[in-house]
Amino acid sequence: MANKAAIELKGITKTFGSVVANKNVDLTANRGEILSILGENGSGKTTLMNMISGIYFPDEGQIFIDGEEAVIASPKDAFDYKIGMIHQHFKLVDVFTATENIVLGLKEEGKYNLKAAEARVKEICDRYGFEVDPKKKIYTMSVSEKQTVEIIKVLYRGADILILDEPTAVLTPQETQKLFAILRRMRDDGKAIIIITHKLHEVLSLSDRVSVLRKGEYVGTVNTAETNESELTEMMVGKKISLNIHRSEPKEPADRLVVKDISCVNRQGALVLDDVSFTARSGEILGIAGIAGSGQRELLEAIAGLQHLTEGDIYYHDPKTGNVEDLRDKTPLQIRELGVRLSFVPEDRLGMGLVGNMDIVDNMMLRSYRKGKSLFLERKAPRDLADHIINELEVVTPNANTPVRRLSGGNVQKVLVGREIAAAPTVLMAAYPVRGLDINSSYTIYNLLNEQKERGVAVIFVGEDLDVLLELCDRILVIGSGKITGLVDARTATKEEIGLLMTKTEALEENGGEQNG
């Protein structure tokens with residue numbers, strides 16, 4: 001069963017204007033196997049999968065399903081060939097139930113028979129081990145439940161070739177293990193499963209084979225059992241790179257930021273931070289872990305002066321003057337001038353942080369133009385900074401005068417993070433700085449954060465990958481539903497321990513020693 005090709009790509013090429021996204025790619029996914037697709041940012045992984053699922057149409061090449069040539073010109077064609085893609089961003093109607101979302105868009109004679117549909121959904125759940133209530137509304141679901149609905153939706157339509165794009169990006173370790181168990185059952189049932197992911201440890205634990213793309217071209221396929229992280233990285237990047245995050249001991253740590261009993265509500269009046277207290281110290285990296293939407297963003301924005309606090313105080317110990325400043329009294333600009341910098345990498349990198357139509361030099365000037373003394377803006381320093389970031393972070397761009405919107409997402413991100421680091425902060429808050437970045441770029445950012453730590457900066461790092469949090473940080477603060485549910489030593493904690501704290505609902509018991517770590 002495992003050697004029967006479900007889908008074969010031969011000589012697939014796709015261009016967008018002068019940009020070659022895929023060039024002459026050959027790829028095979030077999031029935032009864034899990035195939036991982038690896039590659040750096042901009043290597044053409046998603047474009048390739050979008051051609052299989054009917055979103056794009058190849059300029060050249062052929063696609064074969066079960067040995068027969070197939071023409072996939074639309075997502076409907078893909079479904080007719082039993083191909084289903086589960087995207088990173090879910091496409092669900094919040095006010096509908098799971099079953100209503102699953103049958104949405106299907107043609108049926110007469111009225112929908114929701115009872116029969118619910119019975120069929122339950123049958124799929126029982127067969128593969130999904131845990132979802134068919135009658136539950138989407139807006140009351142966790143991220144993993146929503147993802148489950150998306151997977152059942154394609155199975156309900158009869159898909160037996162499944163493509164999953166970054167399926168574990170927002171899952172806890174426990175949820176990831178459950179998903180993997182389901183995917184293995186589906187594989188054993190003869191389905192072909194293709195996964196795009198950046199997490200090498202997941203590739204090695206889940207897939208049967210790994211195919212690698214580099215700069216839009218197919219590099220090769222290896223059996224997972226016969227490879228390792230460094231070999232896969234070398235195939236992706238084209239050169240050997242070190243995959244060790246160097247973690248030094250904090251030198252003379254001093255309190256830099258003391259957050260005391262802060263609470264805040266969002267525009268809808270819901271409590272998003274509930275009595276949060278912690279201390280960030282100079283010369284250390286404090287990690288923040290939590291399920292997406294647990295209050296991480298609001299916490300950093302509160303420190304940066306962008307969220308109004310209903311209670312509590314934030315004290316900044318200024319290393320230059322020795323003064324203790326209450327940031328609650330200050331504007332976002334005054335907080336930045338003190339050296340407290342927020343580098344938030346949002347889903348929408350353009351529009352929040354950078355201006356797409358401006359070039360890299362002008363985006364550097366956005367942070368410094370207030371300091372201009374003369375009628376004309378001084379361009380040399382921002383140009384030098386832009387060139388430095390391009391060289392240091394290996395930003396792929398024709399030059400510093402290229403509009404930012406023409407860069408790939410990963411390269412936009414490097415410009416965003418590099419600009420904040422270049423401001424020589426005393427507190428650097430980096431939220432999701434490697435979101436969507438390939439492994440080579442990610443390690444460049446980790447090294448930059450470590451350099452900041454060794455210069456005595458207090459680094460606060462919000463990340464999605466628990467393996468990285470455990471390897472990079474000194475302490476990890478866990479947040480759940482706006483409350484602190486734990487504070488652990490990253491050198492001794494386990495992924496499972498943090499995963500359990502992420503799903504806890506009650507706050508950390510008052511314990512001064514643990515609270516201050």
Quiz item: Across segment 185-209, which residue is farthest from Y128 (Cα to Cα) among those that are buried (at least 22 other Cβ atoms within 10 Å of the Cβ) and small (G, A, S)?
Solution: S207
Quiz item: Among (1) crowded, with 16+ Cβ neighbours inside 10 Å; (2) without any contact (Cβ under 8 Å) to a residue 24 or more places away in the chain, where does A116 come up short?
Solution: (1)
Quiz prompt | Flag for I195 being assigned by TED's automatic domain parsing to the domain that holds D77, under 19 Å from the mean Cα position of the chain (by Cα) and farther than 25 Å from I498 by Cβ | solution = no
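From the list G105, G158, which residue is assigned to a loop (DSSP other than H, G, I, E, B), farther than 27 Å from E202 by Cα and in the same structural domain as L200 (by TED's automatic domain parsing)?
Details: G158 fails: farther than 27 Å from E202 by Cα.
Just one listed residue meets the conditions, G105.
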Quiz item: Got a sec? Which of V222, V212 is in contact with a strand residue (DSSP E or B) (Cβ under 7 Å, 6 or more places away or on another chain), surrounded by fewer than 21 Cβ atoms within 10 Å (Cβ to Cβ), farther than 17 Å from L171 by Cβ and hydrophobic (A, V, I, L, M, F, W, C)?
Solution: V222
Quiz item: Within segment 403-442, can you find the residues that are closer than 17 Å to N391 by Cβ and modelled with pLDDT of 80 or more?
Solution: none
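Look through segment 161-179, keep the residues that are in contact with an Asp or Glu (Cβ under 8 Å, 6 or more places away or on another chain) and part of a helix (DSSP H, G or I), and return whichever of them is surrounded by the fewest Cβ atoms within 10 Å (Cβ to Cβ). Before you say what the answer is, go through the steps one by one.
In the first step, residues of segment 161-179 are kept if they are in contact with an Asp or Glu (Cβ under 8 Å, 6 or more places away or on another chain); the result is 168-170, 173-174, 176, 178.
Within this subset, residues satisfying the condition of being part of a helix (DSSP H, G or I) are 173-174, 176, 178.
Working: P173: 18, Q174: 15, T176: 21, K178: 17.
Among residues in segment 161-179 that are in contact with an Asp or Glu (Cβ under 8 Å, 6 or more places away or on another chain) and part of a helix (DSSP H, G or I), the one surrounded by the fewest Cβ atoms within 10 Å (Cβ to Cβ) is Q174.
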Self-check item: Test set (1) surrounded by 15 or more Cβ atoms within 10 Å (Cβ to Cβ); (2) within 30 Å of V170 (Cα to Cα) - I63 fails condition number
Solution: (2)
Quiz item: When L500 is evaluated against the numbered criteria (1) modelled with pLDDT under 90; (2) among the hydrophobic types (A, V, I, L, M, F, W, C); (3) within 30 Å of E40 (Cβ to Cβ), which criterion, by number, is the only one it fails?
Solution: (3)
Quiz item: If we keep just the residues of segment 444-466 that are β-branched (V, I, T) and over 18 Å from the mean Cα position of the chain (by Cα), which is farthest from I285 (Cα to Cα)?
Solution: V457
Self-check item: Search result, residues across segment 133-155 that are within 29 Å of N30 (Cα to Cα), at pLDDT 90 or above and either in contact with a Lys or Arg (Cβ under 8 Å, 6 or more places away or on another chain) or in a loop (DSSP other than H, G, I, E, B) (or both)
Solution: E150
Quiz item: Scanning for something modelled with pLDDT of 90 or more, touching a His at 6+ places or on another chain (Cβ under 9 Å) and either over 29 Å from L27 (Cβ atoms) or not aromatic (F, W, Y) (or both), does segment 185-205 turn up at least one residue?
Solution: no
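Scan L385, L466, L437 and give me the residue that is over 25 Å from E229 (Cβ atoms) and among the hydrophobic types (A, V, I, L, M, F, W, C).
Answer to the selection: L385.
Can you pull out the residues in segment 280-300 that are of a type in the set (D, E, K, R) and touching a Lys or Arg at 6+ places or on another chain (Cβ under 7 Å)? Talk me through it step by step, then tell me what you get.
Looking only at segment 280-300, we keep the residues that are of a type in the set (D, E, K, R), and these are 281, 284, 297-298.
Listed by number, the residues that qualify are R281, E284.
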Quiz item: Which of (1) touching a residue at least 60 places away in the same chain (Cβ under 8 Å); (2) under 22 Å from R214 (Cβ atoms) is the odd one out, the single condition G32 does not satisfy?
Solution: (2)
Quiz item: Within segment 227-243, can one find any residue that is in contact with a His (Cβ under 8 Å, 6 or more places away or on another chain) and basic (K, R)?
Solution: no
Practice problem: Output the qualifying pairs, or none if there are none: Cβ atoms under 8 angstrom, residues six or more apart or on different chains, first residue in segment 126-154 and farther than 25 Å from K76 by Cα, second residue aromatic (F, W, Y) and at pLDDT 90 or above. | Solution: K137/F96
Quiz prompt | Pair list, Cβ under 8 Å, 6 or more apart: segment 76-100 residue in the same structural domain as Y56 (by TED's automatic domain parsing), other residue surrounded by fewer than 20 Cβ atoms within 10 Å (Cβ to Cβ) and hydroxyl-bearing (S, T, Y) | solution = D94/Y139; V95/Y139
Quiz item: Limited to segment 181-200, what total is found for residues that are over 18 Å from K82 (Cβ atoms), in a helix (DSSP H, G or I) and in contact with a strand residue (DSSP E or B) (Cβ under 9 Å, 6 or more places away or on another chain)?
Solution: 2
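The values are calculated or read from the model by the stated rules, or taken from the named source; none is laboratory data. As the structure is a prediction and not an experimental result, all values here were calculated from the model. All Cβ positions, even for glycine, are placed from backbone atoms using ideal geometry, and neighbour counts span all protein chains on display.
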